[in-house]
Amino acid sequence: MLLAPSQARPRPTGPLRAGLVCALLAGVLLVLVVAQWGPLMALDRAVADGLHRRAVADPGLTHVNRVLTDWVWDPWAMRALLAVVVGVLLWRGERLLALWVAATSGLGTAVQQGLKAAVDRDRPRWPDPVDSAGYAAFPSGHALSVTVAFGLLVWLLALHGAGRRTRTAVPAIGVVSALGVGFTRLFLGVHWLSDVVGGWLIGVAVVTLSAAAHQRWALNRRG
């Protein structure tokens, strides 16, 4: 349950630094992907080949991964989750915060789609695919969407001074979800490892930079 926002003065340096570090790492990864850096391409291929062999050999596990990626951690499921959060904030009269959450979610989607169009990276191709996905590969939209959704939830809980158990459980679920959806995309052979890592880094950067901007706005508002 969300409580009243904490009255403690926020410190923008923490989220800002985390966001800048993740943005920098994502930028480096982007350059390596575009340049098709040999060691990274070799790692991507080795991981993809190993997991694809397992997916072909174990249809039952493949089906579980498809259910998780298509229904539990699908980007639209994450958007629906955030839509509920926005609705709760509006019901509580926190219109600006609701707009901030919606805008951050939209920004994440825009960055994702823009990079996919700009990089236009091919997805893994298989003679015996176990799943399919359209559009470009980098970054993983599933990984980015889950990271943004749970990142925003963690931020909101901290902002409202939620209880210790909640502030422990939600981040744990978020980490499991981010790692889990990343694994499903790799296991199903529709993404490279660097696509997934890129989605995680960009998602964290979007949320933390948005949180830093909100904290700076709150500081300025209080004078």
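Summary of computed values
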{"item": "Whole-Å semi-axes of the ellipsoid equivalent to segment 80-201 (Cα gyration tensor, √5λ, descending)", "result": "31, 17, 10"}
{"item": "Tilt relative to the chain, helix 75-91 - C-alpha long axis, 0 to 90 degrees, to 10", "result": "10"}
{"item": "Degrees between helix 164-187 axis and first principal axis of the chain (Cα, 0 to 90, nearest 10)", "result": "20"}
{"item": "Between helix 141-159 and the chain: long-axis angle, C-alpha atoms, 0 to 90°, nearest 10", "result": "20"}
{"item": "Given charges at beta-carbon only (K, R positive; D, E negative), |dipole| of the chain in Debye", "result": "1060"}
{"item": "Size descriptor, Kirkwood hydrodynamic radius, that averages inverse alpha-carbon separations across segment 62-122, Å", "result": "13.4"}
{"item": "At most 13 other Cβ within 10 Å, DSSP loop - trypsin sites (Lys or Arg not before Pro), segment 61-135", "result": "Arg92, Arg125"}
{"item": "Of Gly93, Leu153, Val34, farthest towards positive along the dipole that unit charges on Lys, Arg, Asp, Glu beta carbons give the chain", "result": "Gly93"}
{"item": "Volume of the Cα convex hull of segment 178-223, divided per residue and given in Å³", "result": "54"}
{"item": "Globularity index of the chain, i.e. its alpha-carbon radius of gyration over 2.2 N^0.38 Å", "result": "1.08"}
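Each value in this text was obtained by applying a stated rule to the coordinates, not by laboratory testing. Just so you know, these numbers come straight off a predicted model, no measurement behind them. Cβ atoms come from the backbone with ideal geometry, glycine included; neighbour counts cover every protein chain shown.
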